[in-house]
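Notes to accompany the following structure.
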Amino acid sequence: MIFAVLFTIFFLNGVLSQQSVFDPYSYTQASCTGSYQWTMWFDTNDPDMSQGDVEITNHIQQLFPTFMCTTPTAIEAQTSFDANPTTTGDIFRISVKDGFLCLNQRVTGYKTKLCTDYKVRYCCLSTSLQN
Ligand SMILES: [Ca+2]
């Protein structure tokens with residue numbers, strides 16, 4: 001009984017209340033603290049039939065040099081409507097280095113189902129951001 005309660009609390013904290021996915025995997029919103037801060041959310045791409053939805057770190061650095069740093073320590077991703085990407089059924093890859101990638105052809109029944117729209121933000125040294 002106690003085990004079940006503890007498990008439920010752990011489960012709720014660890015999974016259900018988590019709106020985001022991160023790289024590094026163990027990162028949380030609270031991990032970006034001290035001299036580090038989260039950037040604004042970036043949604044540079046809408047899902048389309050030819051590709052999917054990709055938010056590329058390099059691309060974001062080029063588009064928003066004043067709102068993005070050159071060496072982020074973590075990346076966080078959500079859907080554009082603030083949901084956890086793992087709830088969409090899409091298959092995606094996320095890494096600080098490359099960004100977030102959801103490709104249509106990896107989605108079951110992709111001919112009728114596009115990737116969901118995603119957004120990302122990064123954890124940067126505060127002094128490397130101008131906002
Ligand atoms: Ca997007």
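Every read-out reported here was derived from the displayed coordinates using simple, explicitly stated rules and does not represent laboratory data. Here the structure is a predicted model, which is why all the values come from computation and not from measurement. Cβ: placed from backbone, ideal geometry, glycine included. Neighbour counts: every protein chain shown.
In nanometres, what is the gap between the two model label sites at Ser35 and Thr71, each 7 Å from Cα along Cα-to-Cβ?
1.2
How do 78-88, 53-63 rank on mean C-beta neighbours within 10 Å, highest first?
53-63, 78-88
Computed FRET efficiency, Cβ-Cβ of Asn84 and Gln51, R0 30 Å: what is it to the nearest 0.05?
With R0 = 30 Å, the Cβ-Cβ based efficiency is 0.85.
Which value in Å does the Kirkwood hydrodynamic radius of segment 20-128 take, with 1/r averaged over all unlike C-alpha pairs and then inverted?
14.0 Å is the Kirkwood radius here.
Amide H to amide H, which residues 5 or more places from Gly99 or on other chains are under 5 Å from it, using H placed in the peptide plane?
Thr57
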